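The values are calculated or read from the model by the stated rules, or taken from the named source; none is laboratory data. Computed from a predicted model, the values in this text were never measured in an experiment. Please note: Cβ atoms are built from the backbone with ideal geometry, for glycine as well, and neighbour counts cover all protein chains shown.
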């Protein structure tokens, strides 16, 4: 009797694991590999009605360094735009230095992919503080404005960049906690 119950449990467990495993090749074909155009949903945030309470389509919470460059500060400003305009607004309000621009911006599932210009790479490579706030302010501002986004992949001229402390930024970066 024990052998029959063990056999039945083994078969059930095997079937459950097989059903949950799915087809890995199908899932990975939808992943952004950085080499081809990512798949972008045609549905806008306004169409699906998703916004969080701090960022709306009419305002942007910008993360920027405090006066002593010790902590993140925030400022809420009027805003309607995309990821490229978001970077322009961050520069306008001093969260990023003049000359920094976004080349492209897309969201892929719960990740944002932003390609920046060479001035951004020069800034985040210029020292520990610039690296921390240059990456952190950008990532936090994007995640706060786009409520479905949980992490950000940053490239410069379509290539991963290497910073002094974080190394090669070839991964998705989550929200910076203080």
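Mind checking which residues of the stretch 62-72 are at pLDDT below 95 and either assigned to a strand (DSSP E or B) or on the phi > 0 side of the Ramachandran plot (or both)?
The answer is 64, 65, 69, 72.
Mind checking whether some residue in the stretch 85-102 is within 15 Å of residue 139 (Cα to Cα) and touching a residue at least 60 places away in the same chain (Cβ under 8 Å)?
Checked against the condition, which is being within 15 Å of residue 139 (Cα to Cα) and touching a residue at least 60 places away in the same chain (Cβ under 8 Å), the stretch 85-102 yields no hits at all.
Of everything in the stretch 154-169 that's in a loop (DSSP other than H, G, I, E, B) and surrounded by 13 or more Cβ atoms within 10 Å (Cβ to Cβ), which residue is modelled with the lowest pLDDT?
Selected residue: 166.
Just to verify a result, which residue in the stretch 100-143, among those that are more than 20 Å from residue 164 (Cβ to Cβ) and in a loop (DSSP other than H, G, I, E, B), is modelled with the lowest pLDDT?
109
So is residue 84 within 18 Å of residue 159 (Cα to Cα) and not in a helix (DSSP H, G or I) or not? Walk me through how you get there before you give the answer.
Values: within 18 Å of residue 159 (Cα to Cα): yes; not in a helix (DSSP H, G or I): no.
Criteria not met by residue 84.
Please find, within the stretch 117-137, the residue that is nearest to residue 67 (Cα to Cα) out of those that are touching a residue at least 60 places away in the same chain (Cβ under 8 Å) and surrounded by 19 or more Cβ atoms within 10 Å (Cβ to Cβ).
Top of the filtered list is 133.
Pick out the one residue from 86, 54 that is at pLDDT below 60, under 21 Å from residue 150 (Cβ atoms) and touching a strand residue (DSSP E or B) at 6+ places or on another chain (Cβ under 8 Å).
The match here is 54.
Go through (1) in contact (Cβ under 8 Å) with a residue 60 or more places away in the chain; (2) surrounded by fewer than 20 Cβ atoms within 10 Å (Cβ to Cβ) one by one and return the number of the condition residue 140 breaks.
Residue 140 satisfies all of (1) in contact (Cβ under 8 Å) with a residue 60 or more places away in the chain; (2) surrounded by fewer than 20 Cβ atoms within 10 Å (Cβ to Cβ) except (2).
Yes or no: the stretch 98-116 includes at least one residue that is farther than 23 Å from residue 171 by Cβ and loosely packed, with under 14 Cβ neighbours inside 10 Å.
yes
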